[in-house]
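Here is the structure we will look at, set down as structure tokens.
The values are calculated or read from the model by the stated rules, or taken from the named source; none is laboratory data. Keep in mind that what you see is a predicted model, and the values were worked out from it rather than measured. With ideal geometry, Cβ positions are generated from the backbone for all residues, glycine too; neighbour counts draw on all protein chains shown. We work out accessible area using only protein heavy atoms, side chains counted, and drop any ligands, DNA or RNA first. Shrake-Rupley method; radii C 1.70, N 1.55, O 1.52, S 1.80 Å.
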Amino acid sequence: ETLDATGLAILPGGIDVHVHFRDPGYTHKEDWSSGTIAAAFGGVTTVFDMPNTIPTVATPEILATKHAIAADKAYVDFGLYAVLGEESLDHVEGLVEGGVIGFKLYMGNTFGRIPSPDTGAMLELFERVAPTGMRVSLHAETNTIMERREKRLREAGRNDPLAHLDSRPAVVAVEAVERAATLAEWTGARIHILHISSKEELRPLAEAKARGVDITGETGPHYLMLSTDDYARCKGVIRVNPPVREADCHEPLWNALKDGTIDMIATDHAPHTPEEKTRSVIWNCDCGFPGVETQMPLMLTAVAEGRMDIHTYVRASSEAPAKSFGLYPQKGAILPGADADFAIFDLSEEWVIDDFNLHSLSRISPWHGRKVKGKLKHTLVRGAFVVRDGSLVETMKGHGRSVHTIQRMPPAEPRNTDKTIAAVTAVPASADMP
Ligand code: NCD
Ligand code: ZN
Ligand code: ZN
């Protein structure tokens, strides 16, 4: 079987460490088939799926059930997250044995209403995970302030899409990143900050890295390319947690991606149906939108425009996710996740994103009508075509495999604990002393 790739760019398949494929539980929004087809058409060959499905992935039994469903329907490779909370505390080792790709901890409320542990509970949970070497991905934002505000706006009959943002400063995210980094430093847990949306979160992230905390971060195309200027046009469709912020966040986020403060691009692919996204009262629209299919074309367009070079982009779309979650080849090892996963693009072809053509069941996104440069032609997963000449290879349903067995990371070590204790005890004493 040969392929004429004259004039095309062969890129490593994207690794998206943050998708919600909704299966089992919300299969009217997405399922493992539609989600992985969307991924394949986006050049994404590995996805890590979040645990806010029904039931929440909190035990090895639930994990095994979800694994079987995914293995049956997936066109691309996948990893499964388990939730990290009170409900999974006693299952951490079992979940690791069962093959999770990582843990997800919700510091704030989210779709599916998963309870958020307080700081003491977080400390205990990090202590439990640290010896396993697994990374904890954090929804690092406490959005109580936003929920109260939205409730008031709903009751007042206000329907202005920007009305909730003024009382929802990025400071709640900054505090959450700082708290998570402190607990990671104390316990040695590896952590990952999901959906970095604001310039303000960059300082605590950079500071934690400088202290030697094993912390990584992601942002998504919507935080780099959309802003509060898009709310009037998109209304409920652009509603997402955390919210798309002011345009003055774009430049700092791009720079952080280039200098490595932000390690990777992930989409937070969060599909909801058109009905759920276009309710007449904005505050009743579900949060999130699909992104796994449009990430690579959007980012490659930015590359074509000179916003970043292709090497930096590939580092963010494939290399850093692989390294951070233990999928990167080590000497002498042949590893499935690094084994001939390719996205082959025509980098010169221009086209317009149309929600109607998205392969996600959601088919409603803020990217509708956006002109991009870079069209996917072929996707290969472990050397086999899943998309060929722009068409799905239907027989590849079930080709996708869990990448969990590839490589267990060594146990994490607590870092700078003495220094941390010294800093924590020194600060209040000197500050309070007259
Ligand atoms: C996500 C979802 O719908 O599952 N929604 C979102 O707005 N990002 C949940 C999440 O990532 O917090
Ligand atoms: Zn989240
Ligand atoms: Zn998410």
Check: With a sphere of radius 14 Å drawn around the Cβ of Leu84, what net charge do the other residues whose Cβ falls strictly inside it have (Lys, Arg +1; Asp, Glu -1)?
Finding: -3
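What Kirkwood hydrodynamic radius, in Å, does segment 293-395 give when the mean of 1/r is taken over all pairs of distinct Cα atoms and then inverted?
One decimal place: 15.3 Å for the Kirkwood radius.
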Check: For segment 73-167, what's the radius of gyration and Dmax over Cα atoms, in angstrom?
Finding: 17.2, 50
Check: Where does the chain land on Rg/Rh, using Cα atoms and the Kirkwood Rh?
Finding: 0.96
Checklist line | Sites matching trypsin sites (Lys or Arg not before Pro) across segment 289-388 that sit in DSSP coil, with at most 10 neighbouring C-beta atoms within 10 Å | finding: Lys331
Check: How large is the accessible surface per residue of segment 146-232, computed with a 1.4 Å probe and reported in Å² as a whole number?
Finding: 36 Å²
Check: What dipole magnitude, in Debye to the nearest 20, does segment 1-160 give about its Cα centre under +1 on Lys/Arg Cβ and -1 on Asp/Glu Cβ?
Finding: 700 debye
Notebook entry, point to check: So what is the diffusion coefficient of segment 1-66 in µm² per second by Stokes-Einstein at 37 °C and 0.692 mPa s, using a Kirkwood Rh over Cα pairs?
Noted result: 241 µm²/s
Check: Taking the Cα centre of segment 70-157 as the origin and placing charges on Cβ (Lys, Arg +1; Asp, Glu -1), which of Gly94, Tyr75, Thr132 is farthest toward the positive end of the dipole?
Finding: Tyr75
Checklist line | Among Asp23, Asp248, Asp72: highest mean-square fluctuation, GNM of the chain, C-alpha pairs under 10 Å | finding: Asp248
Item checked: Rough spin-label spacing in nm, given labels placed 7 Å along Cα→Cβ, for Ile10 and Val281 -> 5.6 nm
Checklist line | Spin-label zone in segment 4-46 - amide nitrogen under 15 Å from a point set 7 Å from the Cα of Ser348 along the C-beta vector | finding: 5-10
Item checked: Loop-exposed GluC sites (Glu not before Pro) per DSSP, neighbour cap 12 Cβ within 10 angstrom, longest uninterrupted part of the chain -> 2-304
Next item on the list: Quick one, can you get me the convex hull of the C-alpha atoms of segment 1-158 expressed as volume per residue in Å³?
Entry: 166 Å³
Margin query: Among Pro242, Val372, Thr278, whose Cα projects farthest towards the positive end of the dipole of the chain, with charges put on the beta-carbon of Lys, Arg (+1) and Asp, Glu (-1)?
Written below: Thr278
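Suppose R0 equals 30 Å. What FRET efficiency, 1/(1 + (r/R0)^6) with r the Cβ-Cβ distance, do Glu207 and Leu89 give to the nearest 0.05?
Efficiency for this residue pair is about 0.55.
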Next item on the list: With label points built 7 Å along Cα→Cβ from the Cα atoms of Arg158 and Lys258, find their separation and express it in nm.
Entry: 3.8 nm
Notebook entry, point to check: Of the residues Pro321, Pro242, Pro115, which exhibits the maximal mean-square fluctuation in a Gaussian network model of the chain defined by a 10 Å Cα contact cut-off?
Noted result: Pro115
Checklist line | Gly217 long-range amide H proximity, modeled H, under 5 Å | finding: Ile193, Asp263, Met264
Check: Hey, if you put +1 on the Cβ of every Lys and Arg and -1 on every Asp and Glu Cβ in the chain, which of Gly400, Gly43, Ala64 ends up farthest toward the positive end of that dipole?
Finding: Gly43
Notebook entry, point to check: About its Cα centre, how strong a charge dipole does segment 122-206 have in debye, to the nearest 20, once Lys and Arg get +1 and Asp and Glu get -1 at the Cβ?
Noted result: 180 debye
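Using only the Cα atoms, work out Rg/Rh for segment 229-379, with Rh taken as the Kirkwood radius, to two decimals.
0.99
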Item checked: Leu3 accessible area, 1.4 Å probe, all protein chains in place, Å² to nearest 10 -> 60 Å²
Note to self: Helix-only mean residue ellipticity at 222 nm, the chain, DSSP H runs n ≥ 4 weighted -39,500 (n - 2.57), per residue, nearest 500. What is it?
What the structure shows: -9000 deg cm²/dmol
Check: Expressed as a whole number of Å, what is the distance separating the alpha-carbon centroids of segment 192-209 and segment 119-165?
Finding: 15 Å
Check: Working out 0.36 nm times the residue gap between Glu127 and Glu246, then minus their Cα-Cα distance, what length gain in nm do you get to one decimal?
Finding: 39.2 nm
Notebook entry, point to check: Which of the lysines could be linked to Lys66 by a straight reach, that is with a Cα gap under 24 Å, when you skip same-chain ones fewer than 8 residues away?
Noted result: Lys29, Lys104, Lys397
Notebook entry, point to check: In what sequence, largest accessible area first, do Ile310, Ile262 appear using a 1.4 Å probe?
Noted result: Ile310, Ile262
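Under unit Cβ charges (Lys, Arg +1; Asp, Glu -1), what dipole magnitude, rounded to 20 debye, does segment 226-380 have relative to its Cα centre?
100 debye
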Margin query: Just to verify a number: FRET efficiency for Lys371 and Ile310, C-beta to C-beta distance, R0 = 22 Å, to 0.05?
Written below: 0.65
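Taking all pairs of different Cα atoms in segment 86-240, averaging 1/r and flipping that mean, what Kirkwood radius in angstroms comes out?
Values: mean 1/r = 0.0593 Å⁻¹.
Mean inverse Cα-Cα distance, inverted, gives 16.9 Å.
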